[in-house]
Amino acid sequence: MKSNTICTVFILLLFICLAACIPDPVREAAPEEDPIEISQEKIDHLGITNPDKLSAASKRALAWPDLGNEWFGEFQVFDLKGDLAYEEGVVRRDPSALIYEEGKYFVWYSKSTGPTQGFGGDIENEKVFPWDRCDIWYATSEDGWTWKEEGPAVTRGAKGEYDDRSVFTVEIMAHKGKYYLCYQTVKSPYNVRVKNQVGLAWADSPDGPWTKSKEPILSPADNGVWKGEEQNRFNVTKKGDFDSHKVHDPCIVPYKGKFYLYYKGEQMGEEITFGGRQIRHGVAIADNPLGPYVKSPYNPISNSGHEICVWPFKGGIGSLITTDGPEKNTIQWAPDGINFEIRSVIKGAPHAIGLNRALENSDTEPFRIFEWGLTHQYKNYNYQYIRRFSGKRRVHHVAKGASARTGG
Ligand code: AAL
């Protein structure tokens, strides 16, 4: 062999050796999958044909936490009687939770009158939303069906105050013999870029009188940047945090010796993403009911939802997620009040639910909290009214004429 042939062969061999030693980046990037632990019982329960050939769906089913069907259920909605029955020309919406005191249920809600003109005209004098120009009213009932409207509880502030335009979407917390209402506030002028805040009022009795906080207890994040001067809420240079535009639907829950204020965030430059509007929930925590409330660094704590509907369950917090986002129509639970996981998917729940706090004491049946409560419904865009829901776990699927025991 000539010396340059020997040299070529040597170089070739060297390349082959080097190539064998260099790790294959594609192969290395795909780590070995952890083998899934599968018991015969589980395979039988899930009806898997061949455990050596698992579809993506079967892999997900095998990875599910051990859940029964106790988080799954269905809802029905009914008309109320008395003063909360539908009334032409009046908006009653966003009922608070119900509390039971001195033999009566109490509920608070947003109330306004007259139709909505919207943002097209004279926003100084007209009504831009059904929840514009609202005050917070309350009603009582002995049986939860027939209600007596008792009068206003918290009214709008004087001109120039942070709540001079509307006080609305209220929640109640009863704690150690005192009562706290938290609610959304807007200051005039109500244009599409106006920031919305949260106010608080407290009293020694559910009938008041209520003392209002001089300042809001929660405000939007201040890190979004509007683009241009035009009143357009979609035009931004920077969107900012999930709650850079509005903090809405506040609900305070006493939890682990502190006060967790759950709320919905609306973001400047909100988009429609998969599953609906970009709505996410956050939480702010205080040592005292009156605050100061400090936003959790883990916010947002949901990627979906709309009105806040939260309740204590089994040492953690349950949350009903409706309306917007990829996880809408799910019930979620967080063992620590912050890290929520999906526990069930439901057909669709009544909107703006006011939970019945008198049902809160079950630690074994998560769906019991939905036995009955209040919700609101749109008669049309101008007028909404309060109704009653009942929720039931789904435990049977039975053909006509068959019994729940034998099926068919
Ligand atoms: C409600 C709530 C908030 C919104 C509007 C009034 O159901 O989510 O209160 O601002 O709709």
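The residues neighbouring Ile301, those whose beta-carbon lies less than 13 Å from its own, together hold a net charge of -2 under the Lys/Arg +1, Asp/Glu -1 convention.
When the alpha carbon gyration tensor of the range 113-168 is reduced to an equivalent ellipsoid, the three semi-axes, largest first, read 27, 15, 7 Å. Three principal axis extents describe the C-alpha atoms of the range 38-147; from largest down they are 69, 46, 20 Å.
Annotation: peptides 280-287, 393-400, 343-350, ranked by per-residue average of other Cβ atoms within 10 Å with the highest first, follow the order 280-287, 343-350, 393-400.
The share of C-alpha pairs in the range 125-253 whose separation exceeds 19 Å stands at 54 percent.
Could you tell me the relative contact order of the chain? Use alpha-carbon pairs under 8 Å, at least six residues apart, and round to a whole percent. Answer for the chain is 15 percent.
Helix 3-21 and the long axis of the chain differ in direction by around 30°, with both axes built from C-alpha atoms.
For the cross-link pairs Lys111/Lys178; Lys104/Lys178; Lys59/Lys314, the ones whose C-alpha atoms lie over 21 Å apart are Lys111/Lys178; Lys59/Lys314.
Between the beta carbons of Lys256 and Lys178, assuming R0 = 22 Å, the FRET efficiency works out to 0.70 to the nearest 0.05. Using a Gaussian network for the chain with springs between C-alpha atoms less than 10 Å apart, which of these wobbles most: Thr155, Thr49, Thr323? Maximum among the listed residues: Thr49.
If both residues of a DSSP beta bridge must be in the chain, then about 95% of such bridges are antiparallel. In a DSSP loop and with at most 11 other Cβ atoms within 10 Å, the GluC sites (Glu not before Pro) in the range 86-137 are Glu88, Glu102, Glu124. Other residues with beta-carbon under 12 Å from the beta-carbon of Tyr162 carry, at +1 per Lys or Arg and -1 per Asp or Glu, a net charge of +3. The peptide list 162-175, 56-69, 367-380, 212-225, put in order of mean Cβ contacts within 10 Å with the highest first, becomes 162-175, 367-380, 212-225, 56-69.
Quick note on the chain: its Rg to Rh ratio, both from C-alpha atoms and Rh being the Kirkwood radius, is 1.14. Grab the Cα-Cα distance for Asn380 and Ala404, subtract it from 0.36 nm times how many residues apart they are, and report the gain in nm with one decimal. Here the answer is 4.7 nm. Summing Lys and Arg as +1 and Asp and Glu as -1 over all other residues whose Cβ lies under 14 Å from the Cβ of Gly144 gives a net charge of 0. The GluC sites (Glu not before Pro) found in the range 205-301 that occupy coil by DSSP, while having at most 12 further C-beta atoms within 10 Å, are Glu229, Glu230, Glu271. Entry for the range 284-408 at q = 0.20 Å⁻¹: log10 I(q)/I(0) = -1.24, Debye formula applied to identical alpha-carbon scatterers, no solvent contribution.
Rule-based calculations on the coordinates, nothing more; no lab input. Remember, predicted model here, so these are calculated numbers, not experimental data. FYI the Cβ positions are ideal-geometry reconstructions off the backbone, even for glycines, and counts take in every protein chain you see.
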